[in-house]
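Okay, so here's the structure we're looking at.
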Amino acid sequence: MAEFTAEVYQNEFLPDGGTDVHAIVTVTCQGAGEAGRSGAGEAAEIVIVDTSGSMGEDKIRAAQAAASAALDQVLDGTWFAVISGNHEARLAFPSGPIAPESGVGMVRMDDVMRRAAKAAIATFHADGGTAMGTWLTKARQVFATVPVTQKHAILLTDGNNQHETPEQLSVAISAAEGQFQCDCRGVGADWVVAELRRIATALLGTVDLIPRAEEMPAVFETLMRQSMGRGVAGADLRVWSPQGAQVLFVRQVAPTVEDLTGRRTAVNPLTGAYPTGSWGDESRDYHVAVRLPARSIGQEQLAARVQLAVGGDVVAQGLVKAMWTDDDTLTTRINPAVAHYTGQAELAQTIQEGLAAKAAGDDATATAKLGRAVQLAAETGNDEATDRLRKVVDVDDAVTGKVRLRSSVDRLDEMALDTSSTKTTRVKK
């Protein structure tokens, strides 16, 4: 049985007239078990492979190896399927003489099905265009054929979504939201980070770059192993705030930055639920900000009750407090965790804005934004971000953020900076 704990890090003291309370809530899960084994319901997995013409022989061969490596990690008894995608989506497995137990779409993993799926994958060839919305729609339809609570997909592409409109992709993403989680990976330098980020963000997954085709099998193996280690099918972060208060935002800030504010669903008039997806043995940090009506010096109030709920049951809780005081030594303290993650969230935003400005030819804005990113990376101790930034800009002074755009930048280095922008460093609390 999984066990959850919640810890709160904040400065609860507010000055006279103060209204805004910020807290970092760390939620930790232990004993999650295996997917489909320890939680309610079962698990289902789909591997989605780009088989468009741009993949070519080398990337298709590596993608075949990657998909097979992923299937090797799928636990016996887990529902699974394989989709190949170009300008259309095709259920590559199960197909033909295989008759799924559910009627259509998926089969349970065992040695026989694993071998048959690998044989189907071995027939993949590169042809056609790219329409990722059709792939998501097919995955949603296939997942719907089994009564499973935990649904996860891996999506691989090497190109941009050129054979359907942005609006068509948006419709497909919206329809898939809440139906399954999806980790997205792009191989090489010809795909669009923003497109895959849209999919991954909406579907509670991750996005990352695979620089070279030969790295695909190891990445897929790791992704599927991680998914199989998430024994808690799904959980919601619940935030209660008192009458008259306003929840300013709810963000996941570690291990990655994800704004959950717009995903709120009402539990009751004072409580909102924010989806967090499935859990393994891990810790995640959430930044919760609440605006309260100002109170008199000496008064105190519960600003928020932050809970994790699994299947409707509350399994962990942290309390966010507020106390008004005229002691400046208390009210001017900045909680290290709050400061750290505020900087990390700004770092992610400024990197993405800087790269967007650079792509648009706005060198002045790009220089200013990436300079600020260098400064924030130094302040928050994010050495990985600093190293990646130095491949895009020449740093004159990290403390002040004085930088110069490099005249020649490897496209892969730029994409690596973009995809890793939301990854954060943990703070020692």
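The values are calculated or read from the model by the stated rules, or taken from the named source; none is laboratory data. The structure displayed is predicted, hence computed values, not measured ones. Counting neighbours? That spans all protein chains shown, and the Cβs are built from the backbone with ideal geometry, glycine included. Accessible surface is based on the protein model in full, side chains and every heavy atom, while ligands, DNA and RNA are left aside. Shrake-Rupley method; radii C 1.70, N 1.55, O 1.52, S 1.80 Å.
Exactly one residue out of Gly371, Gly381, Gly311 is within 27 Å of the chain's Cα centre (by Cα), modelled with pLDDT under 95 and closer than 24 Å to Thr425 by Cα, and it is Gly381. For region 357-366, taking the residues that are open to solvent by 40 Å² or more (accessible area, probe 1.4 Å) and touching a residue at least 24 places away in the same chain (Cβ under 8 Å), the one that is farthest from the chain's Cα centre (by Cα) is identified as Asp363. From Leu376, Leu330, Leu319, grab the single residue that is in contact with a helix residue (DSSP H, G or I) (Cβ under 6 Å, 6 or more places away or on another chain) and not basic (Lys, Arg). Unique residue meeting the criteria: Leu376. Consider Leu389 carefully, then state whether it is in contact with a helix residue (DSSP H, G or I) (Cβ under 6 Å, 6 or more places away or on another chain) and at pLDDT 95 or above. Yes. Can Leu302 be described as assigned to a strand (DSSP E or B) and in contact with a Pro (Cβ under 7 Å, 6 or more places away or on another chain)? Criteria met by Leu302.
Would you check if Val253 is within 14 Å of the chain's Cα centre (by Cα), at pLDDT 95 or above, assigned to a strand (DSSP E or B) and surrounded by 22 or more Cβ atoms within 10 Å (Cβ to Cβ)?
Against the criterion (within 14 Å of the chain's Cα centre (by Cα), at pLDDT 95 or above, assigned to a strand (DSSP E or B) and surrounded by 22 or more Cβ atoms within 10 Å (Cβ to Cβ)), Val253 qualifies.
Just one of the listed residues (Gly244, Gly205) is part of a loop (DSSP other than H, G, I, E, B), in contact with a Pro (Cβ under 6 Å, 6 or more places away or on another chain), open to solvent by 10 Å² or more (accessible area, probe 1.4 Å) and not hydrophobic (A, V, I, L, M, F, W, C), namely Gly244.
Taking Leu389 as meeting all but one of (1) surrounded by 20 or more Cβ atoms within 10 Å (Cβ to Cβ); (2) without any contact (Cβ under 8 Å) to a residue 60 or more places away in the chain; (3) under 26 Å from Leu204 (Cβ atoms), write down the number of the exception. (3) is the only condition that Leu389 fails. May I ask you to list the residues in region 280-308 that are of a type in the set (S, T, N, Q) and surrounded by 14 or more Cβ atoms within 10 Å (Cβ to Cβ)? If the condition is that a residue be of a type in the set (S, T, N, Q) and surrounded by 14 or more Cβ atoms within 10 Å (Cβ to Cβ), then Ser283, Gln301, Gln307 are the ones that fit. Of the strands (runs of 3 or more DSSP E) lying entirely inside region 18-98, those carrying at least 1 residues that are more than 20 Å from Met216 (Cβ to Cβ), open to solvent by 40 Å² or more (accessible area, probe 1.4 Å) and touching a helix residue (DSSP H, G or I) at 6+ places or on another chain (Cβ under 8 Å) are 20-30, 89-93.
Only one of Thr367, Thr386, Thr380, Thr425 is in contact with a Leu (Cβ under 7 Å, 6 or more places away or on another chain), hydroxyl-bearing (Ser, Thr, Tyr) and closer than 26 Å to Pro211 by Cα. Can you tell me which? Write out each step before concluding.
Numbers: Thr386 fails: in contact with a Leu (Cβ under 7 Å, 6 or more places away or on another chain); Thr380 fails: closer than 26 Å to Pro211 by Cα; Thr425 fails: in contact with a Leu (Cβ under 7 Å, 6 or more places away or on another chain).
Only one candidate passes the filter, namely Thr367.
Take Gly311 and decide whether it is in contact (Cβ under 8 Å) with a residue 12 or more places away in the chain and open to solvent by 70 Å² or more (accessible area, probe 1.4 Å). Yes. For the condition among the polar types (S, T, N, Q) and under 30 Å from Arg264 (Cα atoms), Thr206 qualifies. So which residues in region 136-170 are under 19 Å from the mean Cα position of the chain (by Cα) and of a type outside the set (S, T, N, Q), if there are any at all? Scanning region 136-170 gives Leu136, Ala139, Arg140, Lys151, His152, Ala153, Ile154, Leu155, Leu156, Leu169.
None of Arg230, Arg225 is open to solvent by less than 50 Å² (accessible area, probe 1.4 Å), of a type in the set (Lys, Arg) and in contact (Cβ under 8 Å) with a residue 60 or more places away in the chain except Arg230.
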